[in-house]
Amino acid sequence: MTETSSPPAAARAASTGDRSATLYRLLRQTGVLAALVLLIIVSSFLNDRFLSVPNLMNVLRQVSIVGILAVGMTFVILTKGIDLSVGSILGVSVVLFAGLLETQSMAVAIPLGILAAMALGLVNGLGVAFAGIPPFIMTLGMLSFARGLAFIYTGGTPIPILNENFYDLGNGYTFGVPNPTLILIATLLVSGVVLALTPFGRSVYSIGSNEDASRLSGVPVGLYKTIVYVISGGVAGIAGLVYASQLSVGTPIAGQAYELDAIAAVVVGGTSLFGGKGSVAGTFIGTLIIGVLANILNLTGVDPFVQQLFKGALIVVAVFIMARSSRA
Amino acid sequence: MTDELLQAQALRKQFGNNVVLRDVDLSVGRGEVHAIVGENGAGKSTLIKILGGVHRADGGTMKLEGRELILNSPQAALDQGIVVIHQELSLAPDLTTEENIFLGHFPRNALGLLDRRRMRERTRELLDRLSIEIDPTVPVGQLSIAQQQMIEIAKAISVEAKMLVLDEPTAVLDANRVDTLFDLVERLKAQGIGIVFISHHLEEIFRIADRVTVLRDGERTGTSDVSAIDQDWLVSKMIGREFEAHHTQARGMGEVALELEELSSEGAFENVSFSVRAGEIVGLAGLIGAGRTEVAQAIFGVRPHSSGQMKVFGRPTRFSGPGAAKRQGIAYVSEDRKAFGLLPNRPVRENATISNLARFRSLGLLRLDRERAFVREQIEQLDIRLPSMQAEISTLSGGNQQKVLLGRALAGRPRVLIFDEPTRGVDIGAKREIYRFIEELAEDGVAIIVISSEMEEVLRLSDRVLVMRGGRVAAELPRGEATEESVMRAASLD
């Protein structure tokens, strides 16, 4: 086909243009990263012990549970949803691990506990995707319901875990890195690949960006939204594994209010509550920012009550700055 | 010459190194309608944003009634009596007409409480003055788009607007409503209000405007009294060359690709029968509300049909949803880009391929290199102008957004394509490209249905025109018989 009238000066996408856009995106992400680096530099001046390897490993271990939860939460928030029930689902998995380990091997107890967590996530997903219940309400209901299950299962008393092999998951080290941190990193890597490189992951973003347009494009919106809550539930189960192992006891109050910490990590990491924008890498950085802040406040002996103020302010300021920078 | 209301001189605006407005002059007189035309990206939106106080000009001066005008914010523009009416209306749908009109400056009684009686009286007065017939006590969400637009204009008048900027007000209206809007504009003129009117429909310029300014690539290429010029002048100023006439060649047509037999959907349309052959373009004309979009939705599987049959390449089919329709080779480009098309905060690349990611998948993972190659090809073929395929689609002009969505429809290699208002809110240059593109698809053997409220578009593209009225097919006109008159008659007369 010969074009007799192709418009003048069509600035087509040159590969250089692509590269500069990628750079720009990188800069946006490094904005959060820069904040983390700055925090680390300031912290290292505030306290000598901060930059020591044991302390940094300590931070990594401490953020693991919330960090893992936040990865699952990222999926949900990217679809413009929210999952308030992850703390309670974690609680259910913790008491199940403890209960099952009384009679079963780890090879049975671990998969069953995680499957149960996924099943609760499935209920969330079906409620949101097919019954049309708003995510906030559906998962608020599950927050209470799952916590109730945990209490009923234990009769209100914690179940001790006596299987010593199980302790290693939450307390051991591999190649000098705490096991919970390795579990967090594995969760991050798998999630990162799924979000960036699978049709499902791509659709998670598109659903959050415009659900109707996604549906018209043939994206199985209902199915994928359901899966997102199953992932969040399953990931809460994995976090529960670390929790149960670290405490070596199945307490029905495990993970209370953790959902809020997970949401905080996600939003500090730059994922938009309005959906369609964000990444698990950002969430990881957000998790670290919150973790490092808590650590340096501890090291410098700031009153725990005052620490709460810092955390609260951090969340609001972070989101404020991001809202500003994305408008510019 | 009318007496001057607004005088802008040498307005200049740049974003980074990109100069989007270069020394543009504009003057608007009292009671004058000054139209601004130009292709997408010509600088119209920037100019409007400067007038509305959203952007500050980097250079140039503005005077309102002879006094220096400095607009630091949209509020400042409002305070000066300059009101911009955007295509996307900004009414609160759950509030009534009167509440919307007085939102922000509710009349109060002696106790400081809302004075509902006075609000109603003043609303009635205002609506009477503008001859708008609307029940002021109904929530505006229940009114038509056309009515809502009028309320927005009435609202502007209620705050003593001196100048109104109407940004493509007719894009969302069908022919009858356009008439009503223009009547209203005439009345506003008579009251001495200056009007800046943006439209992609050139014939509207000749109907309503006194003067016209043409922008191209951020520069003013011409200003003239409308009485002194013709369409060709406008088009040549807009695109910088002469407009070539369109020639249609007959296309070869293949087998019947899609056939509807007595298809009905409760409350939307009844007994609709027609067929489309491979390589044929069938136009679906009619007024807004005639049931055209609903038929498309039923074909595509997003609206249930209660009776009748549909055949795709001879096989009786019933789609459970868009996914199923897509697998059978049917694609649909929605009339409402914003609501049903764009993934606003995602890059162009992802917008273009979301409809068929499976095409780029290997071993469960997306091959981004293949995806990029496909998108690059689409950009080339559709001549999409954009900084990068990583740019968020919302940063593109309307015409380029639409082209990306056409690319999306093509990603599924469709055999039947339904275009619903394919050039809405698209400039004349992009429009011609989209037409040619649709024709090329037909030449490649794709069966095409074009739903359009624009007469010229239907007549230009269609091998056959189906006119719908009140949910039924009122007429079927082959190319030779389809004229503006015959289509209009079938669409609006009983």
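Condition test on B:THR221, is it within 14 Å of chain A (Cβ to nearest Cβ), more than 26 Å from B:ARG292 (Cβ to Cβ), among the hydroxyl-bearing types (Ser, Thr, Tyr) and in contact with a strand residue (DSSP E or B) (Cβ under 9 Å, 6 or more places away or on another chain)? Break it down stepwise before answering.
Numbers: within 14 Å of chain A (Cβ to nearest Cβ): yes; more than 26 Å from B:ARG292 (Cβ to Cβ): yes; among the hydroxyl-bearing types (Ser, Thr, Tyr): yes; in contact with a strand residue (DSSP E or B) (Cβ under 9 Å, 6 or more places away or on another chain): yes.
Yes.
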With A:ALA254, A:ALA239 as the choices, which residue is in contact with a Gly (Cβ under 7 Å, 6 or more places away or on another chain), buried (at least 24 other Cβ atoms within 10 Å of the Cβ) and more than 9 Å from chain B (Cβ to nearest Cβ)?
A:ALA254
Flag for B:ARG367 being more than 8 Å from chain A (Cβ to nearest Cβ) and surrounded by fewer than 22 Cβ atoms within 10 Å (Cβ to Cβ)
yes
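Residue-wise test of (1) of a type outside the set (Val, Ile, Thr); (2) closer than 24 Å to B:VAL37 by Cα; (3) part of a helix (DSSP H, G or I).
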| site | (1), (2), (3) |
| --- | --- |
| B:ARG385 | yes, yes, no |
| B:ASN400 | yes, yes, yes |
| B:LYS403 | yes, yes, yes |
| B:LEU406 | yes, no, yes |
| B:PRO414 | yes, no, no |
| B:ARG424 | yes, yes, no |
| B:TYR435 | yes, yes, yes |
| B:LEU441 | yes, no, yes |
| B:SER453 | yes, yes, no |
Test for A:ALA150: is it in a helix (DSSP H, G or I), crowded, with 16+ Cβ neighbours inside 10 Å, within 14 Å of another protein chain (Cβ to nearest Cβ) and more than 19 Å from the chain's Cα centre (by Cα):
no
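Residues that are under 24 Å from B:ASN400 (Cα atoms), at least 2 per element: which helices (runs of 4 or more DSSP H) completely within segment B:1-109 meet that?
Values: elements: B:44-51, B:74-79, B:97-101.
Those helices (runs of 4 or more DSSP H) span B:44-51.
Name the residue that is nearest to the other protein chains (Cβ to nearest Cβ), counting only residues in segment B:394-419 that are closer than 16 Å to A:LEU216 by Cα and modelled with pLDDT under 90.
At the first step, the residues of segment B:394-419 found to be closer than 16 Å to A:LEU216 by Cα are B:402, B:404-414, B:416-419.
When the remaining residues are screened for being modelled with pLDDT under 90, the result is B:410-413.
Working: B:LEU410: 12, B:ALA411: 9, B:GLY412: 7, B:ARG413: 13 Å.
Ranking the candidates gives B:GLY412 first.
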Scan segment A:78-104 residue by residue and report those that are in contact (Cβ under 8 Å) with a residue 40 or more places away in the chain, assigned to a loop (DSSP other than H, G, I, E, B) and either closer than 20 Å to A:PRO160 by Cα or not charged (D, E, K, R) (or both).
A:THR79, A:GLY81, A:ILE82, A:LEU84, A:SER85, A:GLU102
Here are some residues: A:GLY218, A:GLY208. Which one is buried (at least 22 other Cβ atoms within 10 Å of the Cβ), at the interface with chain B (Cβ under 10 Å from one of its Cβ atoms) and not in a helix (DSSP H, G or I)?
A:GLY218
Quick one: B:LEU78 ticks every box in (1) buried (at least 18 other Cβ atoms within 10 Å of the Cβ); (2) in contact with a strand residue (DSSP E or B) (Cβ under 8 Å, 6 or more places away or on another chain); (3) under 30 Å from B:ALA10 (Cα atoms) bar one, so which box is it?
(2)
Segment B:364-383: number of residues that are more than 21 Å from A:VAL193 (Cα to Cα) and not in a helix (DSSP H, G or I):
1
Determine if segment B:330-340 includes at least one residue that is out of contact with any helix residue (DSSP H, G or I) (no Cβ under 7 Å at 6 or more places or on another chain), at pLDDT below 90 and in the same structural domain as B:PHE437 (by TED's automatic domain parsing).
yes
Would you check which residues across segment A:270-321 are outside any helix (DSSP H, G or I) and surrounded by fewer than 19 Cβ atoms within 10 Å (Cβ to Cβ) and list them?
A:LEU273, A:PHE274, A:THR300, A:GLY301, A:VAL302, A:ASP303
Which of the residues spanning segment A:164-183 are of a type in the set (A, V, I, L, M, F, W, C), within 15 Å of A:LEU56 (Cα to Cα) and under 19 Å from the mean Cα position of the chain (by Cα)?
A:LEU182
Of A:GLY170, A:GLY125, A:GLY121, which residue is surrounded by 14 or more Cβ atoms within 10 Å (Cβ to Cβ), part of a helix (DSSP H, G or I), at pLDDT below 95 and not β-branched (Val, Ile, Thr)?
A:GLY170
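Could you check segment B:370-393 and list, in sequence order, the residues that are of a type in the set (Val, Ile, Thr) and facing another protein chain (nearest Cβ under 9 Å)? Steps first, answer last, please.
Here is the first cut: in segment B:370-393, the ones of a type in the set (Val, Ile, Thr) are B:375, B:379, B:384, B:393.
Scanning segment B:370-393 gives B:VAL375, B:ILE379, B:ILE384.
Quick check on my filter: what residues within segment A:71-91 are among the β-branched types (Val, Ile, Thr) and either touching a Ser or Thr at 6+ places or on another chain (Cβ under 8 Å) or more than 21 Å from A:SER214 (Cα to Cα) (or both)? Don't jump to the end; show me each part of the working.
Here is the first cut: in segment A:71-91, the residues among the β-branched types (Val, Ile, Thr) are A:71, A:74, A:76-77, A:79, A:82, A:86, A:89.
If the condition is that a residue be among the β-branched types (Val, Ile, Thr) and either touching a Ser or Thr at 6+ places or on another chain (Cβ under 8 Å) or more than 21 Å from A:SER214 (Cα to Cα) (or both), then A:VAL71, A:THR74, A:VAL76, A:ILE77, A:ILE82, A:VAL86, A:ILE89 are the ones that fit.
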In segment A:263-318, the residues that are touching a residue at least 12 places away in the same chain (Cβ under 8 Å), more than 14 Å from chain B (Cβ to nearest Cβ) and among the small types (Gly, Ala, Ser)
A:ALA264, A:ALA265, A:GLY269, A:ALA281, A:GLY282, A:GLY286, A:GLY291, A:ALA294, A:ALA318
Any chance segment A:114-134 includes a residue that's under 21 Å from A:GLY170 (Cα atoms), polar (S, T, N, Q) and either out of contact with any Phe, Trp or Tyr (no Cβ under 8 Å at 6 or more places or on another chain) or in contact (Cβ under 8 Å) with a residue 40 or more places away in the chain (or both)?
no
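Quickly run through segment B:455-494 and pick out the residues that are among the charged types (D, E, K, R) and assigned to a helix (DSSP H, G or I).
Our first condition is that a residue be among the charged types (D, E, K, R); within segment B:455-494, this holds for B:456-457, B:460, B:463-464, B:469, B:472, B:476, B:479, B:481, B:484-485, B:489, B:494.
Once the filter is applied, which keeps residues that are among the charged types (D, E, K, R) and assigned to a helix (DSSP H, G or I), segment B:455-494 yields B:GLU456, B:GLU457, B:ARG460, B:GLU484, B:GLU485, B:ARG489.
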Which residues, counting only those in segment A:90-109, are surrounded by 23 or more Cβ atoms within 10 Å (Cβ to Cβ) and under 26 Å from the mean Cα position of the chain (by Cα)?
A:LEU90, A:GLY91, A:VAL92, A:SER93, A:VAL94, A:VAL95, A:LEU96, A:PHE97, A:ALA98, A:ALA109
Qualifying residue in segment B:409-417 (condition: surrounded by 18 or more Cβ atoms within 10 Å (Cβ to Cβ) and farther than 18 Å from B:LEU441 by Cα):
no
Where in segment B:228-341 are the helices (runs of 4 or more DSSP H), entirely inside, with at least 2 residues that are away from chain A (no Cβ under 13 Å) and surrounded by 15 or more Cβ atoms within 10 Å (Cβ to Cβ)?
B:231-239, B:292-300
Just to be sure, is A:LEU197 at the interface with another protein chain (Cβ under 8 Å from one of its Cβ atoms) and of a type outside the set (Val, Ile, Thr)?
yes
Are there any pairs with C-beta distances below 6 angstrom linking a residue in segment B:440-451 that is within 14 Å of chain A (Cβ to nearest Cβ) to a residue that is surrounded by fewer than 23 Cβ atoms within 10 Å (Cβ to Cβ), with the two at least 6 apart or on different chains, and if so which?
B:ALA442/B:ARG251; B:ALA442/B:GLY279; B:GLU443/B:ARG251
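The values are calculated or read from the model by the stated rules, or taken from the named source; none is laboratory data. This one's a predicted model, so the numbers in the text were calculated from it and none came from an experiment. Virtual Cβ from ideal backbone geometry, glycine too; neighbours counted across all protein chains shown.
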